[in-house]
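Presented below is the structure to which this report refers.
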Amino acid sequence: WMPKQEALDRGAVALFGEKYDDSVRVLTIGDFSIELCGGTHVRRTGDIGLFKIVAESGVAAGIRRIEALTGAAALEHIEAREARLDEVCRALKVRERDAAAKAGEIIKANRRLQKAVETEQARAASGAAGGDLAASAVEVGGVRVLAARVDNPDPKAMRALMDGLKNRLGTAAIVLAAVDDGRVKLIAGVTGDTTARVKAGPLVNAVARQVNGRGGGRADMAEAGGSDPAQLDAALASVPDWVREHLQA
């Protein structure tokens, strides 16, 4: 024990925001740590028993806080964790050492199944929507041209719908658009037998420029975005004439 100022003059570390009495307890460890200490003290480490760290966090720049349990409380904590682990092992029907690997297998399998479900849902949705949209395609110079809005703005769903429409229409140039939270999403697709004359990149950009946007991609598939949904209908209406001009070029 010593006066607080004397301890600080010796280089003792005080925690910012903590209040100390004029007389303080100073804990010195070797020649590398001198700290003011107001915590619980024991005569020997054996009095502490088990010491189990249960949390660690940052409290300020360069300062970490460790939270731990000791003695009987630490034992109760570990016993509770073991009980939960036993429940997991029984549910997975594995031994403790195999629990982590088994859980990883289940997670991977679940992800594969989820992707398969999403794919099937997108395929089913695109099939139903594709039939209705295909009927509205117009023929321009031997090419089926379709420019339409769709309800689902999800990029995967739009791509799946595009693939379905290409298969339905045969020789085709297609532009699909959706509005999501005030933003325009565009995707253009051109069948392989038409890309020599009409390319998806310039096509999607021709529409995107009219809705204050731009994009790009391959000759057979391209995507773009825009910020002016009010001009979308007029932009889509311009697609047949744009295709006609490029087929005649």
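Values computed for the structure shown
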{"quantity": "Qualifying position, being modelled with pLDDT of 90 or more and either acidic (Asp, Glu) or out of contact with any strand residue (DSSP E or B) (no Cβ under 6 Å at 6 or more places or on another chain) (or both), among Ala188, Ala224, Ala234", "calculated": "Ala234"}
{"quantity": "Qualifying residue in segment 213-226 (condition: among the hydrophobic types (A, V, I, L, M, F, W, C) and part of a loop (DSSP other than H, G, I, E, B))", "calculated": "yes"}
{"quantity": "Enumeration of residues in segment 183-210 that are assigned to a loop (DSSP other than H, G, I, E, B) and either under 18 Å from Asp151 (Cα atoms) or hydroxyl-bearing (Ser, Thr, Tyr) (or both)", "calculated": "Thr191, Thr194, Thr195"}
{"quantity": "Which numbered condition Gly141 misses (of (1) touching a residue at least 40 places away in the same chain (Cβ under 8 Å); (2) under 21 Å from Ala224 (Cβ atoms); (3) not hydrophobic (A, V, I, L, M, F, W, C))", "calculated": "(2)"}
{"quantity": "Which numbered condition Met221 fails, given (1) over 16 Å from Leu133 (Cβ atoms); (2) open to solvent by 60 Å² or more (accessible area, probe 1.4 Å); (3) among the hydrophobic types (A, V, I, L, M, F, W, C)", "calculated": "(2)"}
{"quantity": "Criterion (of a type outside the set (Ser, Thr, Tyr), without any contact (Cβ under 8 Å) to a residue 40 or more places away in the chain and closer than 30 Å to Gly215 by Cα) met by exactly one of Lys102, Lys156, Lys52", "calculated": "Lys156"}
{"quantity": "Residues of segment 38-93 that turn out to be more than 38 Å from the chain's Cα centre (by Cα) and among the acidic types (Asp, Glu), as a count", "calculated": "1"}
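Let's see how each residue does on (1) basic (Lys, Arg); (2) in contact with a Ser or Thr (Cβ under 8 Å, 6 or more places away or on another chain):
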position	(1), (2)
Arg43	yes, no
Ile53	no, no
Arg65	yes, yes
Ala73	no, no
Glu82	no, no
Arg90	yes, no
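The values are calculated or read from the model by the stated rules, or taken from the named source; none is laboratory data. All figures in this text were calculated on a predicted structure; none of them were measured in a lab. So basically every Cβ, Gly included, is an ideal-geometry build from the backbone, and we count neighbours across all protein chains shown. All accessible areas refer to the heavy atoms of the entire protein, side chains included, with ligands and DNA or RNA removed. Shrake-Rupley method; radii C 1.70, N 1.55, O 1.52, S 1.80 Å.
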